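Here is the structure we will look at.
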Amino acid sequence: MIKGLTAVAQVATEEAWSQLNELFGALGFENGKGWDDGTGKGAAYLAPLGNLELITGRAPAVPTLLVEVTQLEAVHTAVKAWVAKYPASQVGEVAATHWNSRLFVLKLAGDVELGFWESENPLHGKPVAIEGDLSAAGKKFAIVVARWNAVITDRLLQGSLDALMRSGCKREDIEIVRVPGAWEIPSAARTLAETKRFVGIITLGVLLRGETAHYEAIYNEVSRGIGQSQQETGVPHAFGVLTCETLEQALDRAGLKAGNKGFEAGIAAIEMASIQEKIAGVSK
Ligand code: DLZ
């Protein structure tokens, strides 16, 4: 019957609220459904695990709003950089707690205090399923994009770049390779994957059924080649090759009416790269 937990934090000003949203975005929080009713607004952030603790006796002496993280030092560095930009807030140092964890506190203007912590026990809060994070910070990705139908593939490329960079990837950590057409994507993707320099490859192209001779044969070979490269190299390949009846349909999927499949492929690559990393960690 229980569905989830919601903790509500009142931020002093709308400016501070926007700044905090910037921080939470940079930390890789997954966005939930926000709201704006004209008198106030809320931004929702989702976490894979929730926990309500009722305490009696000695209290842990920490803020009531706690965010459990992995890589606490990296989070601390990100929060310090944010505080340097918005000095109305204060960040404390990482310190050991009496409950086998390390924690630092972020004090926001107004009364909100947030504690970020990491347990010393690697099994603490272990989720029931392995799921990928949506943080691309510090990771290298490659994008293979076909020049054929460039009016569309350029939009897909912008979508993928947007997904990667909004998730913390730096532009210099993204290699873009342009190939003549969709047919050439698997070969370039494979060459990139074999370098082992990238945690994910994003493949982007457009095949138009009406205008492509031997459409089925090309499509089958492109999808088989990308899949084979992924399986044989072990590097995740996101599939962003559109197969459409018409140019209009392709445009809809490249940022008009039906989202941007380049963005979706970028997010899938980030998630899969994280899953690979986690699975490797679990099997050690
Ligand atoms: C030749 C061709 C055709 C007819 N249609 C497409 C298409 O719709 N999308 C695409 O990405 N590429 C197409 N190509 C080009 C082939 O993928 C390939 O680049 C050339 O045949 C050269 O090997």
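The values are calculated or read from the model by the stated rules, or taken from the named source; none is laboratory data. Keep in mind that what you see is a predicted model, and the values were worked out from it rather than measured. All Cβ positions, glycine included, derive from the backbone under ideal geometry; neighbour counts span all protein chains shown. Accessible surface areas use protein heavy atoms only, side chains included; no ligands, DNA or RNA. Shrake-Rupley method; radii C 1.70, N 1.55, O 1.52, S 1.80 Å.
Return the residue satisfying two criteria in turn: it lies in region 200-223 and is among the hydroxyl-bearing types (Ser, Thr, Tyr) and farther than 30 Å from residue 167 by Cα, and of such residues it is farthest from the ligand (Cβ to nearest atom). The residue in question is 219. Going through region 226-246 one residue at a time, which ones are at pLDDT below 85 and either buried (at least 22 other Cβ atoms within 10 Å of the Cβ) or closer than 21 Å to residue 158 by Cβ (or both)? Of everything in region 226-246, nothing turns out to be at pLDDT below 85 and either buried (at least 22 other Cβ atoms within 10 Å of the Cβ) or closer than 21 Å to residue 158 by Cβ (or both). Across region 180-199, the number of residues qualifying as within 14 Å of the ligand (Cβ to nearest atom), part of a helix (DSSP H, G or I) and not polar (S, T, N, Q) comes to 7.
Exactly one of (1) in contact with a strand residue (DSSP E or B) (Cβ under 9 Å, 6 or more places away or on another chain); (2) closer than 21 Å to residue 270 by Cα is unmet by residue 42. Its number? Checking residue 42 against (1) in contact with a strand residue (DSSP E or B) (Cβ under 9 Å, 6 or more places away or on another chain); (2) closer than 21 Å to residue 270 by Cα, the one that fails is (2). From the list 160, 135, which residue is touching a Gly at 6+ places or on another chain (Cβ under 6 Å), assigned to a helix (DSSP H, G or I), polar (S, T, N, Q) and closer than 25 Å to residue 21 by Cα? Going through 160, 135 in turn, just one is touching a Gly at 6+ places or on another chain (Cβ under 6 Å), assigned to a helix (DSSP H, G or I), polar (S, T, N, Q) and closer than 25 Å to residue 21 by Cα: 160.
Note on region 200-223: among residues that are over 27 Å from residue 133 (Cβ atoms) and outside any helix (DSSP H, G or I), the one that is most open to solvent (accessible area, probe 1.4 Å) is 214. Pairs meeting the criteria (first residue in region 209-220 and at pLDDT below 75, second residue open to solvent by less than 90 Å² (accessible area, probe 1.4 Å) and within 9 Å of the ligand (Cβ to nearest atom), beta carbons under 8 Å, at least 6 apart or on different chains) are 212/218. If you go through region 151-179 and keep only what is within 11 Å of the ligand (Cβ to nearest atom) and either open to solvent by 70 Å² or more (accessible area, probe 1.4 Å) or not polar (S, T, N, Q) (or both), you end up with 152, 179. Of all positions in region 57-73, none carries a residue that is assigned by TED's automatic domain parsing to the domain that holds residue 18, under 30 Å from residue 163 (Cα atoms), out of contact with any Pro (no Cβ under 6 Å at 6 or more places or on another chain) and touching a residue at least 60 places away in the same chain (Cβ under 8 Å). What do you reckon, is residue 144 within 21 Å of the chain's Cα centre (by Cα) and surrounded by 12 or more Cβ atoms within 10 Å (Cβ to Cβ)? Judged against the criteria, residue 144 is a match.
When each of 210, 234, 255 is tested for being in the same structural domain as residue 183 (by TED's automatic domain parsing) and closer than 27 Å to residue 278 by Cβ, the lone residue that passes is 234.
The set of residues in region 200-236 that are under 21 Å from the mean Cα position of the chain (by Cα) and within 14 Å of residue 176 (Cα to Cα) comprises 200, 201, 202, 203, 204.
Among the residues of region 259-284, the one identified as in a loop (DSSP other than H, G, I, E, B) and surrounded by 13 or more Cβ atoms within 10 Å (Cβ to Cβ) is 259.
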